[in-house]
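First up is the structure itself, then whatever we jot down about it.
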Ligand SMILES: NC(=O)c1ccc[n+]([C@@H]2O[C@H](COP(=O)([O-])OP(=O)(O)OC[C@H]3O[C@@H](n4cnc5c(N)ncnc54)[C@H](OP(=O)(O)O)[C@@H]3O)[C@@H](O)[C@H]2O)c1
């Protein structure tokens, strides 16, 4: 095979960018028969290069320094965010440069456009670092002749850390969140992670790769973990479950059910076993073949390694992940999904309240599988009631819950967590 030299321009010298520089330095520019030459770095904050053993001459803040350099054939974008990352990627592709990016938020928003531009210009687009927990699985499956029918995963380390620490230490959400921020497992503004958007971006990218279509973020049902309490974690355990924050996509032909929210999973198998910041992904194809993978979902070196794999693919002229044009996906409405439900409500402790609640559920075709009434009973006080339902239609459950929430004996709106079947 012909030896190749990639001349690389790197945008961003933050966590991932500095990891790439370190890996390239460690590997001594040559990997296999190919050479990887880091020609230029563009970084906003020049103080970032302190500590990285690179020459000052290599770093500037002007993007055109890389974009207008005809010698640079490969651009790595690890600045994150939407703008100017999108313009940098589109411009690079337009100029015939290969692009490698870790930017799942941008791909979730503009993935189709970016892929199309790369195809039009005959450039490689490497996106492994945007789904580092699963790229090795997806790599082998994108080229497989059989369709993926189910894709589900714990895709956000912060959420999994918060949920498992609540369970392990029996501490409140706010206490664990502060600790996670102190040790770098949660950002100072953790909203993207704990409100589910980071997971949703990853699901859109994964589903895009297996289906050929990037769904718009606003079409997806996305719910985070802010309303999950220590009480829920304990009740779930008592009922034989663990609470996980899950991305779920199920495909039947071109009809897809795609959602992101907390779930109860039966203890002891598959994704339910993940601890701390671990991520996991499971895929089932239409022939019923299951594969799963557990891997770090974030981090300087895992992300930099995924980028390096893309660079090696480019140098070896290996086909990267390509979206093939397919007919659009039809998204199943959330109200039409069917599953079991965990419902927690705070109800006034008096005779007849439970029968009113079960009456409302029954009138919407929702039958109860188990009831748990816990907590200290106080004369005239509120107690938590946990209801586990049999399979029911989401639309019916939502209507029933709004009726239950209006009962004078029920304090605050009830919490609903969907109960999923055992994972693979
Ligand atoms: N960290 C991970 O574990 C991980 C894993 C997988 C994927 N990713 C993805 O990788 C990307 C980068 O993440 P990161 O954690 O490395 O972020 P980061 O530590 O914040 O690094 C980004 C760097 O880019 C610089 N920058 C921002 N805008 C710029 C611009 N217009 N021109 C030049 N430099 C600019 C930033 O400087 P300022 O701080 O001055 O703005 C910062 O130094 C994101 O898309 C992220 O989602 C990260």
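The values are calculated or read from the model by the stated rules, or taken from the named source; none is laboratory data. What you see is a predicted model; the values in this text were computed from it and never measured. Backbone-built Cβ (ideal geometry, glycine too); neighbour counts: all protein chains shown.
Out of the residues in the stretch 18-38 that are in a helix (DSSP H, G or I) and within 16 Å of the ligand (Cβ to nearest atom), state the one that is surrounded by the fewest Cβ atoms within 10 Å (Cβ to Cβ).
By that ranking, first place goes to 22.
Within 30 Å of residue 285 (Cα to Cα) and part of a helix (DSSP H, G or I): is that true of residue 167 in this structure?
On the way: within 30 Å of residue 285 (Cα to Cα): no; part of a helix (DSSP H, G or I): yes.
Answer is no for this residue.
The rows are residues; the columns are (1) under 18 Å from the mean Cα position of the chain (by Cα); (2) crowded, with 16+ Cβ neighbours inside 10 Å; (3) within 16 Å of the ligand (Cβ to nearest atom).
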{"residue": "277", "(1), (2), (3)": "yes, yes, yes"}
{"residue": "306", "(1), (2), (3)": "yes, yes, yes"}
{"residue": "332", "(1), (2), (3)": "no, yes, no"}
{"residue": "344", "(1), (2), (3)": "no, yes, no"}
{"residue": "367", "(1), (2), (3)": "no, no, no"}
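Check whether at least one residue in the stretch 79-86 is in contact (Cβ under 8 Å) with a residue 60 or more places away in the chain, more than 9 Å from the ligand (Cβ to nearest atom) and under 23 Å from the mean Cα position of the chain (by Cα), and report yes or no.
no
Based on this model, can you work out whether residue 288 counts as modelled with pLDDT of 95 or more and more than 30 Å from residue 184 (Cα to Cα)?
In short, no.
Those residues that are touching a strand residue (DSSP E or B) at 6+ places or on another chain (Cβ under 8 Å) and more than 24 Å from residue 13 (Cβ to Cβ), I need them from the stretch 82-117; list them, please.
Across the stretch 82-117, the qualifying residue is only 115.
For residues in the stretch 188-219 being farther than 21 Å from residue 258 by Cβ and in contact with a helix residue (DSSP H, G or I) (Cβ under 7 Å, 6 or more places away or on another chain), which is surrounded by the most Cβ atoms within 10 Å (Cβ to Cβ)?
Among them, the one singled out is 190.
What number goes with the only condition from (1) modelled with pLDDT under 95; (2) within 21 Å of residue 196 (Cβ to Cβ); (3) out of contact with any strand residue (DSSP E or B) (no Cβ under 8 Å at 6 or more places or on another chain) that residue 275 does not pass?
The single condition residue 275 does not satisfy is (1).
Within the stretch 58-141, which helices (runs of 4 or more DSSP H) (wholly inside it) include 3 or more residues that are crowded, with 17+ Cβ neighbours inside 10 Å?
Qualifying helices (runs of 4 or more DSSP H): 85-94, 104-120.
Inspect the stretch 7-17 for any residue being loosely packed, with under 13 Cβ neighbours inside 10 Å, modelled with pLDDT of 95 or more, in the same structural domain as residue 97 (by TED's automatic domain parsing) and more than 10 Å from the ligand (Cβ to nearest atom) and give the result as yes or no.
Looking for residues that are loosely packed, with under 13 Cβ neighbours inside 10 Å, modelled with pLDDT of 95 or more, in the same structural domain as residue 97 (by TED's automatic domain parsing) and more than 10 Å from the ligand (Cβ to nearest atom), one finds none in the stretch 7-17, hence no.
Go through (1) away from the ligand (no atom under 13 Å from the Cβ); (2) more than 14 Å from residue 151 (Cα to Cα); (3) touching a strand residue (DSSP E or B) at 6+ places or on another chain (Cβ under 6 Å) for residue 268 and report which single condition fails.
(3)
In the stretch 143-177, which residues are free of Cβ contacts under 8 Å to residues at least 24 places away in the same chain and either surrounded by 13 or more Cβ atoms within 10 Å (Cβ to Cβ) or in contact with a helix residue (DSSP H, G or I) (Cβ under 6 Å, 6 or more places away or on another chain) (or both)?
Once the filter is applied, which keeps residues that are free of Cβ contacts under 8 Å to residues at least 24 places away in the same chain and either surrounded by 13 or more Cβ atoms within 10 Å (Cβ to Cβ) or in contact with a helix residue (DSSP H, G or I) (Cβ under 6 Å, 6 or more places away or on another chain) (or both), the stretch 143-177 yields 175, 176, 177.
Got a sec? Which of 66, 76, 41 is under 19 Å from residue 307 (Cβ atoms), under 28 Å from the mean Cα position of the chain (by Cα) and within 12 Å of the ligand (Cβ to nearest atom)?
The match here is 76.
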